[in-house]
Amino acid sequence: LTNEGTINTLSLQVENSLVCTGGIYKGIKNVSGESSYEIQPQDHTVLIDTYEGTVKVSMPPATNNKGRVIVIKKTNTDKYNIKSNPIVIESAGDLIDQKETIVMKMNHSVRELHSDGNSWWIVGASGT
């Protein structure tokens, strides 16, 4: 704990409840021009531009990420092209909502995935 009241640590576990009276900042990543992307430990929200082609997203193992939430949003730099390339999401040996892969087809669609320690579950979605 610093004199300014901040905690500098890679991991912090709080039992019972956590009260925050200020802003909460989460990692956000823009991915563009890639054919594949592997979710990183610091990622929370990933914005994926599919203008140049289909993007394959690899989720980390659910078993190593119990309680983790990852948000994936499909973007397209060509705002006039409503039909663009898809995002294919898969997890290393785990299921996502009881499927091996899920596909996001529509621009600006979103998937919020939450790990229970065994599988990834879609707990929030918009678009197809």
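The values are calculated or read from the model by the stated rules, or taken from the named source; none is laboratory data. Please read all numbers here as calculations on a predicted model, not as lab measurements. Cβ coordinates were reconstructed from backbone atoms using ideal geometry, including for glycine residues, and neighbour counts include every protein chain displayed. Please note that ligands, DNA and RNA were not included when accessible areas were found on the heavy atoms of the full protein model with its side chains. Shrake-Rupley method; radii C 1.70, N 1.55, O 1.52, S 1.80 Å.
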Residues satisfying the stated conditions in region 15-48, i.e. open to solvent by 70 Å² or more (accessible area, probe 1.4 Å) and β-branched (Val, Ile, Thr): 19, 21, 24, 28
Members of region 29-63 found to be within 25 Å of residue 78 (Cβ to Cβ), modelled with pLDDT under 95 and of a type in the set (Val, Ile, Thr), listed by number: 50
All positions within region 43-67 that are among the hydrophobic types (A, V, I, L, M, F, W, C) and either touching a His at 6+ places or on another chain (Cβ under 7 Å) or in contact (Cβ under 8 Å) with a residue 40 or more places away in the chain (or both): 59, 62
Residue in region 4-21 that is closer than 25 Å to residue 118 by Cβ, assigned to a strand (DSSP E or B) and out of contact with any helix residue (DSSP H, G or I) (no Cβ under 6 Å at 6 or more places or on another chain) present: no
Of all residues making up region 59-89, the number that are under 18 Å from residue 29 (Cβ atoms) and either assigned to a strand (DSSP E or B) or touching a Phe, Trp or Tyr at 6+ places or on another chain (Cβ under 8 Å) (or both): 13
Region 91-108, subset modelled with pLDDT under 90 and among the small types (Gly, Ala, Ser), residue farthest from residue 49 (Cα to Cα): 93
